[in-house]
Number of protein chains: 2
Amino acid sequence: MTGMTVGFVGLGAMGQGMAASLLRAGNRLLVWNRSPEPVAALVAQGADAAGRLADVFAAEAVVSMLADDQAVEQLLLDPELLVGAKAAVHLNMATVSIALAEQAEALHTEHGIGYVAAPVLGRPQVAAAGELNILAAGEETALTKAAPLLSAMGRHTWHFGTRPHHANAAKISVNFLIASAIESMAEACSVAETHGVRPTDLVEMLTGTLFPGPIYAGYGAMVAERRYEPAGFRLPLGLKDVNLALTAGAATNVPLPFASVLRDAFLDALAHGDGDKDWAAVAAVTRRRAGLPR
Amino acid sequence: MTGMTVGFVGLGAMGQGMAASLLRAGNRLLVWNRSPEPVAALVAQGADAAGRLADVFAAEAVVSMLADDQAVEQLLLDPELLVGAKAAVHLNMATVSIALAEQAEALHTEHGIGYVAAPVLGRPQVAAAGELNILAAGEETALTKAAPLLSAMGRHTWHFGTRPHHANAAKISVNFLIASAIESMAEACSVAETHGVRPTDLVEMLTGTLFPGPIYAGYGAMVAERRYEPAGFRLPLGLKDVNLALTAGAATNVPLPFASVLRDAFLDALAHGDGDKDWAAVAAVTRRRAGLPR
């Protein structure tokens, strides 16, 4: 039992499970969300509803899990909000840009609030089980304050240093690697299929030998079976993350030829109406380019 | 104990271990190699040296493990050799092109010899232990004849159909996926490093979460530590295999944008003198492009 008062912002599919994990660990939770339904669900589990966003920042710690840079900037990087804050630390667990992390770090420091970047690996059901892998970075005192909350939400915290944006760079790298694995399997399955190999046989061998693990097995099956629905992670979010990698590379002059290929493939997928599909649907681009049936 | 008389051609680093596995399983072995030293090593283990290549084809079965298309064409796709052959089946275990597999299949069929393509996954020490993963394809009668030999050399045989080239297409796909994993880790490590992340921390997290297995762990460590020697698999062999993928794609009009990126990166590495390094040295290209120290 950690027993802190925690403000929680952003009760999407991931945030709901993370907030529930914090409640189960014995914290008092003040929740805020743009739409009211998820708030009611958390209140039913023992959380209190925050009347205003400012109330959340009156808690001992704030955890936020918003969709993207824009949502974080609009809602949380508000000097008026931060100037009245009592929270000692803010854990931003969203996948955001390196530039936004640097901006957020500066603004929080200015207002005497610790800022920890703690993006996560795992789907909503993993979040609900409190079994996320968490990539964390920030000042030591802020991280110490954050540790019991991170332990409540994740099975393991991976540390990336004292500047918050380090963790965002690591998370952006992970998502770029997932997208690259999908694209490479799409290319491999397409070329193998045209030479008589059943893609499901290929993926079974790959995941049974050199490429075990959830990414090759999960996305490999989706690619081989051309199963792009239901969307576990929507294609536009994949493009967002590939663009985060390209922007990170542009900031430090690091050419990323695979990321450039991925960007064009995701745009191609959107142009052909696959915006509501899982990002595995980037495989449909490979097939269309090769004149293969969808 | 299988107890067949087996001719074996090609005692390179892989072939030596595979031939030794066949001996251990109780087969009588007639070995032939272009250079004499490895022959002596196998004779010391109980094999007989074949005087001429034709003697090898007088055995009940032939197993070959040559370096590339050129070696197979020069040595084995010789109508004079095959017309006098007594062997019921030839297992070609090299990583060769789809076109060569089709040509070899036709020529063997013409001479009444079964032809099985059985390229392998695994390093020399895995071959020596008889623990390879074998990707096999061919006619059922030929495969049945080959089965005890494959069992002696590998821990598992993955089947890809009745046309030999199916197995070559699968193997080419595997090597393309390995090269893609190396390139994507090189890009991820470079961009993360420029934003303050230690590449070894990134790879430790990746392999401890979503990307377990020997490829991400082994090549990830080499990329993160910039350790490209000793060469487990030399860079020109990697380029050969990427070109096999591109050629396979060209034959059936399948654009492979990742493979095209890889081709240029491997050429770039060769142009900068890394031809004796492991193919993980393609990561040095990513770093050079970004102006990072080697």
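The values are calculated or read from the model by the stated rules, or taken from the named source; none is laboratory data. All values derive from a computational prediction rather than experimental measurement. Counting neighbours? That spans all protein chains shown, and the Cβs are built from the backbone with ideal geometry, glycine included. Ligands, DNA and RNA are excluded from the accessible area calculation, which covers all protein heavy atoms including side chains. Shrake-Rupley method; radii C 1.70, N 1.55, O 1.52, S 1.80 Å.
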Three-way shape call for the stretch B:90-191 based on the alpha-carbon gyration tensor, with the a/c threshold at 1.5:
oblate
Unit charges on C-beta of K, R, D, E only; dipole of the stretch B:206-294, Debye
180
Quick one: putting +1 on the C-beta of Lys and Arg, -1 on the C-beta of Asp and Glu, what dipole do you get for chain A around its Cα centre, in Debye to the nearest 20?
480
What is the angle, in °, between the Cα long axis of helix B:13-24 and the longest principal axis of the Cα atoms in chain B? Nearest 10 is fine, range 0 to 90.
40
Express in whole angstrom the spacing between the alpha-carbon centres of the stretch A:235-270 and the stretch A:10-67.
32
For chain A, the longest principal axis of the Cα atoms and the Cα long axis of helix A:140-153 enclose an angle in degrees, to the nearest 10, of 60
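I'd like the per residue volume of the convex hull spanned by the Cα atoms of chain B, given in cubic angstrom. Before the final figure, lay out the partial values.
Working: hull volume 38.9 nm³, N = 294.
Expressed per residue, the convex hull around the Cα atoms of chain B is 132 Å³.
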The distance between the Cα centres of the stretch A:271-286 and the stretch A:147-170, in whole Å, is 31
Chain B: most fluctuating residue of B:A13, B:A251, B:A127 per GNM, C-alpha cutoff 10 Å:
B:A251
Output row for B:R28: copy-to-copy label distances, label 7 Å along Cα→C-beta, ascending, in nanometres, one decimal, is 8.8
Copy-to-copy label separations for B:E225, where each label sits 7 Å from Cα toward Cβ, in nm and ascending
4.0
Among B:A20, B:A41, B:A283, which one shows the biggest mean-square fluctuation in a GNM of chain B, springs joining Cα atoms closer than 10 Å?
B:A41
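Ratio of the stretch B:169-289's C-alpha Rg to 2.2 N^0.38 Å, to two decimals? Spell out each step's value before the answer.
Details: Rg = 14.0 Å, N = 121, 2.2 N^0.38 = 13.6 Å.
Normalised by 2.2 N^0.38 Å, the Cα Rg of the stretch B:169-289 equals 1.03.
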Distance from the stretch B:68-99 to the stretch B:179-203 (C-alpha centre basis), Å:
42
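Calculate, in nm to one decimal, what A:R28 and A:A40 gain on full extension: separation in residues at 0.36 nm each, minus their alpha carbon distance.
Values: separation 12, 0.36 × 12 = 4.32 nm, distance 1.56 nm.
Full-extension gain reported as 2.8 nm.
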Give the lysines whose C-alpha is closer than 19 Å to that of A:K240, dropping any in the same chain fewer than 8 places away, or say none.
A:K171, A:K277
Averaging sequence separations of C-alpha pairs under 8 Å and six or more residues apart, then dividing by the length of the stretch A:10-82, give the relative contact order as a whole percent.
31
Solvent-accessible area of B:S35, probe 1.4 Å, all protein chains present, reported in Å² to the nearest ten, please.
50
What angle do you read, to the nearest 10 degrees and between 0 and 90, between the alpha-carbon axis of helix B:199-208 and the longest principal axis of chain B?
50
Stretch A:N253-A:F233 to full length: gain in nm at 0.36 nm per residue minus the Cα-Cα span?
4.3 nm
Straight distance only, please: which lysines reach the Cα of A:K145 with their own Cα at less than 18 Å, same-chain residues fewer than 8 apart left out?
A:K86
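Please report the buried accessible area for the interface of B with A, total over both chains, probe 1.4 Å, in Å² to the nearest 100. Kindly include the intermediate steps, with their values, before the conclusion.
Values: alone 13260 and 13280 Å², together 21510 Å².
It comes to approximately 5000 Å² buried between B and A.
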Let me know the charge dipole size of the stretch A:123-174 about its Cα centre in debye, to the nearest 20, where only the beta-carbon of Lys, Arg (+1) and Asp, Glu (-1) is charged.
120
Relative contact order for chain B, counting Cα pairs under 8 Å that sit 6 or more residues apart, in percent
13
Copies compared at B:P124 - label distances in nm, ascending, label defined 7 Å from Cα in the Cβ direction
5.3
Can you give me the three principal axis dimensions of the protein assembly as shown from its C-alpha atoms, in Å, biggest first?
92, 45, 41
With a ≥ b ≥ c from the Cα gyration tensor eigenvalues, square-rooted, and the rule rounded for a/c under 1.5, otherwise prolate when a/b > b/c and oblate otherwise, the stretch A:5-162 is rounded
Applying the Karplus parametrisation 6.51 cos²θ - 1.76 cosθ + 1.60 with θ = phi - 60° to the phi angles of the stretch B:169-184, what ³J(HN,Hα) value in whole Hz is obtained for each residue in order, glycine and proline being reported as x?
4, 5, 5, 4, 5, 4, 5, 4, 5, 5, 4, 5, 5, 4, 4, 5
Gaussian network model of chain B, springs between alpha carbon atoms under 10 Å - residue of B:D69, B:D201, B:D78 with greatest fluctuation:
B:D201
